[in-house]
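Asker: Structure below; questions to follow.
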Amino acid sequence: MTEDKDDKNKPEKLAKTEEAEEIITMVNRGIEFTKELLQENERLRFKVFQTQQENQEIVRQSSSASLAQKLKEELQRLEEEKQKLLDEYNKVENQNLEYANRYVEVEFENNNLANLYVCSYQLHSTLDFHEVLQIIMEIIINLIGAEEFGVLLLDDKIHALRPVAMEGRDLNAVPTIPIGQGPVGKSAENGTNYYAADIDDTQRERSPEEPLVCIPLKIKDQVIGIIVLYKLLPQKTQFANVDYELFTLLAGHAATAIFSSRLYTDAQRKLSTIQGFMELLTH
Amino acid sequence: MKILVVEDSPTMRQLISFALKRLKDADIMEAADGVEGLKKLNADSYNLLITDINMPVMDGLKLISLVRRDVKYRNIPIMVITTEGGAEDRERALALGANAYITKPIQAGNVLEVVKSLLGIP
């Protein structure tokens, strides 16, 4: 009976066993699936982490790139500003240099004008013929720097230049020079300055007929005499521009000063003579 | 400041004075020779002496040596302006006590520069 019962239950047991096995299989599959899911989850989490890291890197890179760009732009702007300032600085520097050069030029002209003013002032400061001659000599020594030179005045009677003042040479040793003869006579005849061909050789001994420089003393076109330079002071090795201006000034102002002083002296002499006559007549 | 210019040439005296007038507060006195210069130095107090060498009555070198013997002017700056361009003349003047030596012909600007340097004016 029991066996029969068992026999009757056998298929049922078998079915249950199969069912249990099936359930176990399913559970196992579930476990495996869960494991797989967990693994996949882990992988995905890792992937998310990686992506986050990459994102952060991209954000970081992108922000540093924009900063670099900004800095580059700022650098460019500063470079341009620096260039502009440098241009401005160079402009100002050039202006400064120009002003400095102009200042030097103005100063130089001032000095020259001071010399010319003093000469002109002194030449017309007296009506005494000998004082005028003395002043001409002083100007030539002190402002031109001549060591040997003289003044010759035109003697209309003999149509020649007669020495009236000499520095560094004996007055009597210098001959009277006829108008038109040699550089001195020709300079007086033409009314033009004469400069020796070797004008740079300012220290050479020269004869009275072959001077270094001749400056005719002129009132308008009328020559009344001549200044002759033979030798300059040792420290004066060449003529400067102001010297030529002084020559021009001397040519005119010294001539009028000499002429005026001679007229004045003559007038004074005549006045004295007339006064003498008057005194003789009245007494 | 008082400056004494001792020079026998009126033209040079005027030119030097003209140059020195550009200095602020410069009181410029003139003398025609060494003796007149010495008298003016004794009568007043000066900050600078400018002298020529070749002058009548008393020359510049004698004037310098006398000035340097005077306690009052032992330290006064002395500037020589002369036609004598030789090295010996320069050395003699400097040995006697001159502080600066300039040869003629002069330029007003040059004189002014040396004067400023002697007086310590920038």
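Asker: Of all residues being of a type in the set (A, V, I, L, M, F, W, C) and more than 11 Å from chain A (Cβ to nearest Cβ) in region B:70-87, which is nearest to B:VAL114 (Cα to Cα)? Just the residue, please.
Answerer: B:MET79
Asker: Please state which of the following conditions A:LEU133 fails to meet, knowing it meets all the rest: (1) at pLDDT below 90; (2) assigned to a helix (DSSP H, G or I).
Answerer: (1)
So that you can scan it fast, the table gives a plain yes or no per residue for (1) under 36 Å from the mean Cα position of the chain (by Cα); (2) modelled with pLDDT of 90 or more; (3) over 21 Å from A:ASN112 (Cα atoms):
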site	(1), (2), (3)
A:GLU205	no, no, yes
A:GLU209	no, no, yes
A:GLN222	no, yes, yes
A:PHE239	yes, no, no
A:LEU246	yes, no, no
A:LEU249	yes, no, no
A:ALA255	no, yes, no
A:THR265	no, no, yes
A:HIS283	no, no, yes
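Asker: Name the single residue, out of those in region B:88-122 being over 19 Å from B:GLU7 (Cβ atoms) and within 14 Å of chain A (Cβ to nearest Cβ), that is surrounded by the most Cβ atoms within 10 Å (Cβ to Cβ).
Answerer: The qualifying residue surrounded by the most Cβ atoms within 10 Å (Cβ to Cβ) is B:LYS116.
Asker: I would also like to ask the following. Checking A:ILE139 against (1) in a helix (DSSP H, G or I); (2) more than 40 Å from the chain's Cα centre (by Cα): exactly one of these is not met. Which one?
Answerer: Tallying (1) in a helix (DSSP H, G or I); (2) more than 40 Å from the chain's Cα centre (by Cα), A:ILE139 fails exactly one: (2).
Asker: Another question, then. Could you please find all residues in region A:135-152 being within 10 Å of B:THR11 (Cβ to Cβ), of a type in the set (A, V, I, L, M, F, W, C) and within 7 Å of another protein chain (Cβ to nearest Cβ)?
Answerer: Those that are within 10 Å of B:THR11 (Cβ to Cβ), of a type in the set (A, V, I, L, M, F, W, C) and within 7 Å of another protein chain (Cβ to nearest Cβ): A:ILE135, A:ILE139, A:ILE141, A:LEU143.
Asker: Got a number for residues in region B:13-58 being assigned to a helix (DSSP H, G or I), under 25 Å from B:PRO122 (Cα atoms) and touching a helix residue (DSSP H, G or I) at 6+ places or on another chain (Cβ under 7 Å)?
Answerer: 6
Asker: For region A:234-246, does any single residue satisfy the condition of being within 14 Å of chain B (Cβ to nearest Cβ), exposed (fewer than 12 other Cβ atoms within 10 Å of the Cβ) and in contact (Cβ under 8 Å) with a residue 40 or more places away in the chain?
Answerer: yes
Asker: From the list B:SER65, B:SER9, pick out the single residue that is at pLDDT 90 or above and facing chain A (nearest Cβ under 9 Å).
Answerer: Step by step, each of B:SER65, B:SER9 is checked, and only B:SER9 is at pLDDT 90 or above and facing chain A (nearest Cβ under 9 Å).
Asker: Hey, another quick one. Regarding region A:218-230, can at least one residue be identified that is of a type in the set (S, T, N, Q), within 14 Å of chain B (Cβ to nearest Cβ) and not in a loop (DSSP other than H, G, I, E, B)?
Answerer: Among the residues of region A:218-230, not one is of a type in the set (S, T, N, Q), within 14 Å of chain B (Cβ to nearest Cβ) and not in a loop (DSSP other than H, G, I, E, B), which makes the answer no.
Asker: Take region A:90-129 and flag every residue that is away from every other protein chain (no Cβ under 12 Å) and among the aliphatic types (A, V, I, L, M).
Answerer: A:VAL92, A:LEU97, A:ALA100, A:LEU127, listed by residue number.
Asker: To continue, here is another question. Of these, B:LEU112, B:LEU96, which one is out of contact with any strand residue (DSSP E or B) (no Cβ under 7 Å at 6 or more places or on another chain) and closer than 18 Å to B:ILE64 by Cβ?
Answerer: The conditions single out B:LEU96.
Asker: Looking at B:ASP59, is it more than 11 Å from the chain's Cα centre (by Cα), within 14 Å of chain A (Cβ to nearest Cβ), charged (D, E, K, R) and crowded, with 16+ Cβ neighbours inside 10 Å?
Answerer: For B:ASP59, the condition - more than 11 Å from the chain's Cα centre (by Cα), within 14 Å of chain A (Cβ to nearest Cβ), charged (D, E, K, R) and crowded, with 16+ Cβ neighbours inside 10 Å - is not met.
Asker: Another question about this same structure. Any idea how many residues of region A:167-207 are closer than 22 Å to A:THR248 by Cα and free of Cβ contacts under 8 Å to residues at least 40 places away in the same chain?
Answerer: Qualifying residue count, region A:167-207: 21.
Asker: What are the pairs, 6+ residues apart or on separate chains, where a residue within region B:73-98 that is part of a helix (DSSP H, G or I) has its Cβ under 8 Å from a residue that is among the charged types (D, E, K, R) and surrounded by 21 or more Cβ atoms within 10 Å (Cβ to Cβ)?
Answerer: Filtered contacts from region B:73-98: B:ARG90/B:GLU84.
Asker: Let me ask you something else. What pairs come out if I take residues in region B:52-67 that are on the phi > 0 side of the Ramachandran plot and pair them with residues that are part of a loop (DSSP other than H, G, I, E, B) and surrounded by fewer than 24 Cβ atoms within 10 Å (Cβ to Cβ) whose C-beta lies under 7 Å away, six or more apart or interchain?
Answerer: From region B:52-67, the pairs are B:VAL57/B:ASP33.
Asker: Now, a different point. With closer than 30 Å to A:ASN241 by Cα and surrounded by 10 or more Cβ atoms within 10 Å (Cβ to Cβ) as the only criterion, which of A:ASN9, A:ASN96, A:ASN55, A:ASN28 stands out?
Answerer: Sole residue among the options that is closer than 30 Å to A:ASN241 by Cα and surrounded by 10 or more Cβ atoms within 10 Å (Cβ to Cβ): A:ASN96.
Asker: Something else about it: Within region B:97-117, does at least one residue satisfy the condition of being more than 28 Å from A:ALA240 (Cβ to Cβ) and of a type outside the set (A, V, I, L, M)?
Answerer: yes
The values are calculated or read from the model by the stated rules, or taken from the named source; none is laboratory data. Since the model is a prediction, treat every value here as computed from it, not as a measurement. Backbone-built Cβ (ideal geometry, glycine too); neighbour counts: all protein chains shown.
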